[in-house]
């Protein structure tokens, strides 16, 4: 693949008109065209060597100025590289360098001077000049090399800036893609741990949480409770009104359970019409309060259903690590399930607490508080 040639416009600021003409002859494209520093041209009255055909060295046009005043009036959006004399009739090359760098910090500036300008050379390089050339006995071919070096440096800089911009865009795109990916992952994680019908956690997620909280409770001697909940009369309800209405009752039960448990509790659909609530850092008395609240609020919610629908209710079984003394996490669930079975056997729509050697009915909120 052939490299594309760059067309470059060169600005020369030189007080010596004859030397300036020599530089244009060496660097500019128009050897047959005179350079008239007094001519009023399209660049705000500045003198210029016209922009004609391109040369192999990459310079397509030279603009020649002779003073700092002319530089201040020149359109600095035009040049790509600047050659400036250290000595001007109305200022120094450092003044010109500061002006150019202030307006176009992207431009490469070559400063030219006399042998006695050694200190000025150091200051020019420190101020941002790309090079400093001594013009006494200067072979003007060296000047072309300096310009070529500036052009090459500028091309590399622009290419680096382009690559950096592309890299920044790529990094921004990558960050956006990562953000979108993380969002999808979070959604997938939520889907894998959520029951679609009720919006509660599913049994798989409950089992993961159960193992973790059981280990924490045993390691740190912390209280831990579990509540199993079953819908009473749902089969009869489904037989009469269909499974779609039955699903609505299941969703209602999940909503009531979620709303009346604490934020630290893990509420889950255990399977079918059965629910489970894992209650970390919970004493038996607090678990009983939650059970009483769930029973009351579900009864109120069901009371708002059409009167012709068969009544449904909740039965609850509670186990607590310090009361029933389970040997592992699975037995904590089993003890709550045993208490649930006892609640259903005792007439349903109630809560029962599993003790170490039996079960105990939980009073409703109108009866004496649990002790």
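The values are calculated or read from the model by the stated rules, or taken from the named source; none is laboratory data. Just so you know, these numbers come straight off a predicted model, no measurement behind them. Heads up, the Cβs are rebuilt from the backbone with ideal geometry, glycines too, and the neighbour counts pull from every protein chain shown.
Which of the residues spanning region 283-332 are farther than 23 Å from residue 355 by Cα and part of a loop (DSSP other than H, G, I, E, B)?
Pass one, region 283-332, residues farther than 23 Å from residue 355 by Cα: 296-313.
Correct list: 304, 305, 306, 307, 308, 309, 310, 311, 312.
Run residue 278 past the list (1) closer than 25 Å to residue 219 by Cβ; (2) free of Cβ contacts under 8 Å to residues at least 40 places away in the same chain and report the number of the one that doesn't hold.
(2)
Out of all the residues in region 320-343, is one or more crowded, with 24+ Cβ neighbours inside 10 Å and either more than 12 Å from residue 226 (Cα to Cα) or outside the structural domain of residue 250 (by TED's automatic domain parsing) (or both)?
yes
Being assigned to a strand (DSSP E or B) and either buried (at least 16 other Cβ atoms within 10 Å of the Cβ) or at pLDDT 95 or above (or both) is the filter here; which residues of region 264-282 pass it?
266, 267, 268, 269, 270, 274, 275, 276, 277, 278, 279, 280
Which of (1) in the same structural domain as residue 24 (by TED's automatic domain parsing); (2) part of a helix (DSSP H, G or I); (3) more than 31 Å from the chain's Cα centre (by Cα) does residue 157 not meet, given it meets every other one?
(3)
Looking at residue 314 and the list (1) surrounded by 14 or more Cβ atoms within 10 Å (Cβ to Cβ); (2) in contact (Cβ under 8 Å) with a residue 60 or more places away in the chain; (3) out of contact with any helix residue (DSSP H, G or I) (no Cβ under 6 Å at 6 or more places or on another chain), which single condition is not satisfied?
Residue 314 satisfies every listed condition except (3).
Output the qualifying pairs, or none if there are none: Cβ atoms under 6 angstrom, residues six or more apart or on different chains, first residue in region 346-358 and more than 14 Å from residue 331 (Cα to Cα), second residue in a loop (DSSP other than H, G, I, E, B).
Pairs that qualify, where the first residue is more than 14 Å from residue 331 (Cα to Cα) and the partner is in a loop (DSSP other than H, G, I, E, B), are 351/362; 353/362.
Based on what the data block shows, is residue 348 modelled with pLDDT under 95, in the same structural domain as residue 237 (by TED's automatic domain parsing), more than 20 Å from residue 279 (Cα to Cα) and touching a strand residue (DSSP E or B) at 6+ places or on another chain (Cβ under 6 Å)?
So residue 348 passes the test.
Can you pull out the residues in region 210-224 that are surrounded by fewer than 16 Cβ atoms within 10 Å (Cβ to Cβ) and touching a residue at least 12 places away in the same chain (Cβ under 8 Å)?
211, 216, 222
Within region 95-117, identify whether any single residue is over 16 Å from residue 10 (Cβ atoms), over 44 Å from the mean Cα position of the chain (by Cα) and free of Cβ contacts under 8 Å to residues at least 12 places away in the same chain, and answer yes or no.
Yes.
Among the numbered conditions (1) part of a helix (DSSP H, G or I); (2) within 27 Å of residue 342 (Cα to Cα); (3) in contact (Cβ under 8 Å) with a residue 40 or more places away in the chain, tell me where residue 227 comes up short.
It is condition (1) that residue 227 fails.
If you check every pair at least six apart or on different chains, which have Cβ atoms under 7 Å apart with a residue in region 147-173 that is within 29 Å of residue 61 (Cβ to Cβ) first and a residue that is at pLDDT below 80 and in a helix (DSSP H, G or I) second?
147/27
Under the condition of being in contact with a strand residue (DSSP E or B) (Cβ under 6 Å, 6 or more places away or on another chain) and surrounded by 20 or more Cβ atoms within 10 Å (Cβ to Cβ), which residue from region 225-252 is nearest to residue 330 (Cα to Cα)?
Step by step, filter region 225-252, then rank; the result is 226.
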